[in-house]
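Comments concern the structure below.
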Amino acid sequence: MKWIVGVALLFLAAVLGYLAYIASQIQNESTVDEEHTADAIVVLGAAEYRGRPSPVLEARLNHALFLYLKGLAPRIITTGGAGGDPMFTESTVARAYLTRRGVPAEAIVVENEGESTVHTIVAVTEIMRRMNLKSAIVVSDGYHIYRVKKMLQASGIKVYGSPRPSAPQNGWREKWTYFRQAVGYALWRIGITI
């Protein structure tokens, strides 16, 4: 009986060690801007409020707009589903925001079915495959970049991360965010989507 407890504790320590390692990789990549030319800029959705982007979504969109105006990609893929709003989706609010700032509507592709990061990336991968797009710049919050890049890379897409500018935070909440992303990544790696 003691050996079972010992093996279980050893397994738990290995899992926690792996998650800590992945969390540190996520933290390291969260501030790296790999600004590079690509076929598309993929903007991960965030909350919208009755047709207006939340501050987080607005910051992501402004960063994507900056990259687009620099000529790094000819199109932008906006993502995000309804999130409980019966009138708007994150991605359509994002498209409206970008078109009001001069991005031609034909340069914006909308993915509005995603209910989670995994579902969104599966849909984006299919859109990119159908449009013969081989590379992407991913725009999101820094903590999100690592996992999204790994998912797109698993589909054969060349991916560059470009986190939205934000004030650095060093505290337990940030560490917890990295750990949660590590758990999400580990679950995705074994085939569990959350």
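For Cα pairs less than 8 Å apart in space and 6+ apart in sequence, what is the mean separation divided by the residue count of region 114-191, i.e. the relative contact order in percent?
Working: 65 pairs, mean separation 22.4, N = 78.
Normalised by residue count, the contact order of region 114-191 is 29 percent.
Starting from region 58-93, pick out the trypsin sites (Lys or Arg not before Pro) whose DSSP state is loop and whose Cβ has at most 10 other Cβ atoms within 10 Å.
On the way: sites: 60, 70, 75; in loops: 70, 75.
Those satisfying the criteria are 70.
For region 81-87, in order, what is each residue's ³J(HN,Hα) by Karplus, 6.51 cos²θ - 1.76 cosθ + 1.60 with θ = phi - 60°, in whole Hz (x at glycine and Pro)?
Values per residue, Gly and Pro as x: x, 6, x, x, 8, x, 9 Hz.
Decide, for region 18-104, between rounded, prolate and oblate: order the square roots of the alpha carbon gyration tensor eigenvalues as a ≥ b ≥ c, take rounded if a/c falls under 1.5, and otherwise choose prolate if a/b is larger than b/c, else oblate. Write out the running numbers ahead of the final one.
Working: a/c = 2.51, a/b = 1.25, b/c = 2.00.
Cα axes put region 18-104 in the oblate bin.
Mind checking which lysines have their Cα closer than 25 Å to the Cα of residue 150? Skip sequence neighbours fewer than 8 apart in that chain.
134, 158, 175
In Å, what is the Rg of the alpha-carbon atoms in region 1-148, and how long is Dmax?
In order Rg, Dmax, the Cα atoms of region 1-148 give 18.6, 68 Å.
Report in % the part of the accessible area of region 39-169 that belongs to carbon and sulfur, leaving out ligands and nucleic acids; probe 1.4 Å. Before the final figure, lay out each step's value.
Working: 3040 of 5940 Å².
Carbon and sulfur atoms account for 51 percent of the accessible area of region 39-169.
Ignoring everything except DSSP H segments at least 4 long, calculate the 222 nm mean residue ellipticity for the chain; use -39,500 (n - 2.57) per segment, divide by total residues, nearest 500.
On the way: 6 runs with 99 residues, N = 194.
That comes out to -17000 deg cm²/dmol.
Compute the Rg/Rh shape ratio of region 1-56: radius of gyration over Kirkwood radius, all on alpha-carbon atoms. Show your work: numbers first, answer last.
Working: Rg = 20.5 Å, Rh = 15.8 Å.
Looking at region 1-56, the ratio lands at 1.29.
For residue 75, what residues show an amide H to amide H distance below 5 Å, using hydrogens built from the backbone and excluding near sequence neighbours?
41
Can you work out ³J(HN,Hα) from phi for every residue in region 179-185, in order, using Karplus 6.51 cos²θ - 1.76 cosθ + 1.60 and θ = phi - 60°, giving whole Hz and x for Gly and Pro?
5, 4, 5, 5, 5, x, 5
Taking R0 as 41 Å, what FRET efficiency do you get between residue 3 and residue 31 from their Cβ-Cβ distance, rounded to the nearest 0.05?
Details: r = 44 Å, r/R0 = 1.07.
For R0 = 41 Å, the calculated efficiency reads 0.40.
Search the structure for amide H atoms under 5 Å from the amide H of residue 161, placed 1.01 Å from N in the peptide plane, and list their residues when 5 or more places away or on another chain.
Residues meeting the criterion, in which the H sits 1.01 Å from N, are 34, 138.
The values are calculated or read from the model by the stated rules, or taken from the named source; none is laboratory data. Because the structure is predicted, anything quoted here is derived from the model rather than measured. Don't worry about glycine lacking a Cβ; one is built from the backbone with ideal geometry, like all the others, and counts go over all protein chains shown. In case anyone asks, the SASA skips ligands and DNA or RNA and just uses the protein heavy atoms, side chains included. Shrake-Rupley method; radii C 1.70, N 1.55, O 1.52, S 1.80 Å.
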